Amino acid sequence: MKRIYLDHAATTPIAQEVLKEMLPYFTEFYGNASSLHSFGREAHNAIEKARAQIANLIKAKEEEIIFTSSGTESDNLAIKGIAYRHKELITDFEGPHIITSAIEHPAVLETCKYLEQQGFRVKYLPVDKYGFVNVEELENSISKGTFLITIMHANNEIGTIEPIEEIGKIAKERDVILHTDAVQSFGKVPIDVGKMNADLLSVSAHKIYGPKGVGALYIKRGVQVEPFIHGGGHERGLRSSTENIAGIVGLGKAAELAQQRIESDAAYMTKLRDKLIKNITENVEESYLNGHPTKRLPNNAHFRFTGIEGESLVLSLDEKGIASSTGSACSSKKLEPSHVLLAIGLNEVEAHGSLRLTLGRENTEEEIDYVLGVLPEVVERLRKISPLWGKKLELEEWKKKLEKEERKSKEIELR
Amino acid sequence: MYSEKLMEHFRNPHNMGELENPDGVGTVGNPICGDLMSIYIKVKDNKIEDIKFKTFGCAAAIATSSMITELAKGKTLEEALKITKEEIADALEGLPPIKMHCSNLAAEGLKVAIKDYLAKKGKY
């Protein structure tokens with residue numbers, strides 16, 4: 001059976017060029033970068049080359065890049081690192097304050113929730129129906145105690161690209177540090193940390209055809225971060241641990257490739273993305289696009305379908321060889337639907353019927369045609385099974401109907 | 001995550017659809033949580049003569065609905081009321097712990113449909 005991978009927001013395959021670059025660092029150049037001998041120097045030089053490759057892609061300086069194990073670790077280091085360094089400096093009687101958004105990745109949201117337990121105050125900004133943070137509300141939320149704004153560059157579910165340059169301008173004017181989680185946008189849309197006025201920016205390798213288990217954090221020169229991994233003082237003392245040389249080499253090479261191909265990849269994927277969006281929303285009854293029609297990642301198409309549930313849709317598509325993703329609760333370890341979809345104003349039933357298709361550079365137009373042929377059949381089949389399809393009951397009416405049935409059932413005592 | 005048996009019931013659910021003029025209907029679940037089942041029954045001589053279902057939900061919800069219709073068909077009402085969530089899960093060669101509520105829902109749906117039938121017959 002034909003297999004089509006449309007879940008590149010989850011992870012990407014390692015590019016051949018990246019793998020080729022990495023392989024010698026497992027067997028031939030296996031030195032520890034901290035060693036003084038030639039083996040160590042080879043490893044050290046490889047790290048510095050990768051640092052430059054990443055810095056080039058985001059228009060930063062080499063010394064402003066710190067390697068980590070993942071985007072999640074980068075987010076943790078940025079937010080906790082800034083928080084712990086600044087906590088004692090805050091004189092506002094209301095306490096230290098962080099501003100973030102309701103649609104951040106759990107790596108940011110859970111870190112903020114953890115900091116709330118440590119005495120920090122966190123403002124979770126709402127978003128509009130497209131997923132945009134309201135910049136005016138953000139500005140009004142800044143208080144004397146606000147030391148950090150952490151807003152993602154692009155949303156991992158619905159693909160909306162946030163107005164980070166505008167937010168960065170405000171952060172700079174108000175002397176607040178800005179961190180942005182750019183894990184989804186890195187390598188897909190141009191990033192200029194200077195134009196963004198970003199002080200910290202998180203990236204990950206495996207979303208851009210690099211290996212899993214390696215990430216990086218941009219820290220603007222002069223920004224003070226408290227480390228939370230202590231040891232041998234690697235990465236300017238900010239992240240002790242013997243470096244994952246092959247992984248770092250892979251991240252560097254993936255960044256270099258992304259830089260070379262960023263425009264052509266974006267143009268190609270935008271074409272496929274828009275074909276998916278146009279055909280699905282036009283040809284599948286009661287299907288809708290989530291996120292902004294144009295201010296979105298070039299590879300992200302996110303839909304919702306009335307009357308069906310996302311996990312069933314993902315598994316049905318998998319049966320046809322198509323790998324996709326959903327924000328439905330049933331596919332996750334929690335039984336709550338995606339916080340992002342609820343935050344953009346969808347009700348729980350609408351959020352359950354979601355489907356994320358994320359493209360990669362290896363996807364072809366023929367594959368998209370296959371998806372467009374298969375998807376309507378799959379949706380139709382699931383709708384035939386669904387008691388919600390064709391019944392024009394609103395959510396509130398369903399709640400009342402079910403409550404009534406439950407009462408009726410409880411009233412009847414089985415003998 | 002799911003057994004092959006469960007996936008088979010998800011791919012090809014048995015007794016899917018609605019019955020015309022059912023003797024009893026049970027709708028359970030909560031669309032907010034992502035699961036909603038309607039079980040329809042026809043009863044003859046105190047036995048479930050025909051049974052169908054419609055389900056909005058995940059693969060486990062669809063498969064457990066399909067399985068309960070298989071397990072209940074032809075049984076007396078008393079026998080059908082005794083079907084447990086564990087039996088449904090076992091018949092599907094297991095369910096992930098987080099999905100056990102789906103088999104509970106299927107058993108509950110059948111129970112509500114039988115109660116509906118009994119209430120209509122004035123047996124309460």
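Summing +1 for each Lys or Arg and -1 for each Asp or Glu among the other residues whose beta-carbon sits under 14 angstrom from that of residue A:320 gives -2.
Taking chain B, the Cys residues with no second Cys beta-carbon under 4.7 angstrom are B:33, B:102. Net charge in the neighbourhood of residue A:311 (other residues with Cβ under 11 Å of its Cβ; Lys, Arg +1, Asp, Glu -1) is -2.
Taking A:69, A:34, A:101 as the candidate residues, the one with maximal mean-square fluctuation in a Gaussian network model of chain A, Cα springs under 10 Å, is A:34.
Can you give the angle from 0 to 90° between the axis of helix A:38-58 and the longest principal axis of chain A, with both taken from C-alpha atoms, to the nearest 10? Helix A:38-58 and the main axis of chain A meet at about 50 degrees.
In the stretch B:21-124, which trypsin sites (Lys or Arg not before Pro) are in a loop and have at most 12 other Cβ atoms within 10 Å, using DSSP for the loop call? Answer in residue order: B:82, B:121, B:123. The simple spin-label model puts a point 7 Å past each Cα toward its Cβ; for residue A:36 and residue A:399 those points are separated by 7.1 nm. Note on A:306-317: average number of Cβ atoms from other chains within 10 Å of each residue's Cβ is 4.
Among the GluC sites (Glu not before Pro) in the stretch B:1-73, those located in a DSSP loop and surrounded by at most 11 other Cβ atoms within 10 Å of their own Cβ are B:20.
Counting, for every residue in B:66-78, the Cβ atoms of other protein chains within 10 Å of its Cβ and taking the mean gives 0. Students often get this wrong: which residues of the stretch A:166-182 have the backbone nitrogen under 12 Å from the point 7 angstrom along Cα-to-C-beta of residue A:89? Inside the label zone: A:175-178.
Computed with every protein chain present, the accessible area of residue A:152 is close to 0 Å² [probe 1.4 Å].
Accessible area of residue A:166 (1.4 Å probe, protein heavy atoms only, ligands and nucleic acids ignored): about 100 Å². Modelled this way, with points 7 Å down the Cα-to-C-beta line, the labels at residue A:283 and residue A:264 are 2.9 nm from one another. Cross-link pairs exceeding 30 Å in C-alpha to C-alpha distance, out of A:61/A:87; B:82/B:123; A:275/B:5; B:82/B:121, comprise A:275/B:5. Helix A:310-319 against the longest principal axis of chain A: what's the angle in degrees, Cα atoms only, rounded to the nearest 10? Tilt of helix A:310-319: around 80 degrees. Using the Cα coordinates of the protein assembly as shown, the gyration tensor eigenvalues translate into equivalent-ellipsoid semi-axes of 50, 26, 22 Å, sorted from longest to shortest.
Each Lys and Arg contributes +1 and each Asp and Glu -1, all at the Cβ; summed about the Cα centre of the protein assembly as shown, the dipole is approximately 600 debye. Summing Cβ point charges (Lys, Arg +1; Asp, Glu -1) relative to the Cα centre of chain B gives a dipole of roughly 340 debye. Helix-only arithmetic for chain B: the sum of -39500 (n - 2.57) across DSSP H runs with n ≥ 4, divided by the residue total, places the mean residue ellipticity at 222 nm at -13500 deg cm²/dmol.
Ranked by solvent-accessible area (1.4 Å probe, protein heavy atoms only, all chains present), the residues A:174, A:296 order from largest to smallest as A:174, A:296.
The alpha carbon convex hull volume per residue for the stretch A:218-358 rounds to 197 Å³. By DSSP, the beta bridges lying fully in the protein assembly as shown are antiparallel in about 65 percent of cases.
Per residue of B:98-107, other chain Cβ atoms within 10 Å of the residue Cβ number 1 on average. With 19 Å as the limit on Cα-Cα distance, the pairs of A:384/B:54; B:52/B:111; A:80/A:207 that go past it are A:80/A:207. Spatially, the stretch B:1-42 and the stretch A:62-114 are offset by 46 Å when compared through their Cα centroids. Remark: accessible area buried at the A-B interface is about 3100 Å², both chains counted, probe radius 1.4 Å. Between the helical axis of A:395-411 and the longest alpha-carbon principal axis of chain A there is an angle of about 70 degrees. Of the GluC sites (Glu not before Pro) in the stretch A:68-102, the ones in a loop by DSSP (not H, G, I, E or B) with at most 14 other beta carbons within 10 Å are A:94.
The values are calculated or read from the model by the stated rules, or taken from the named source; none is laboratory data. Here the structure is a predicted model, which means the values were calculated and not measured. Using ideal geometry, Cβ is built from the backbone for each residue, glycine included, and neighbour counts are taken over all protein chains shown. To get the accessible areas, we keep the full protein, side chains included, count just its heavy atoms, and leave off ligands, DNA and RNA. Shrake-Rupley method; radii C 1.70, N 1.55, O 1.52, S 1.80 Å.
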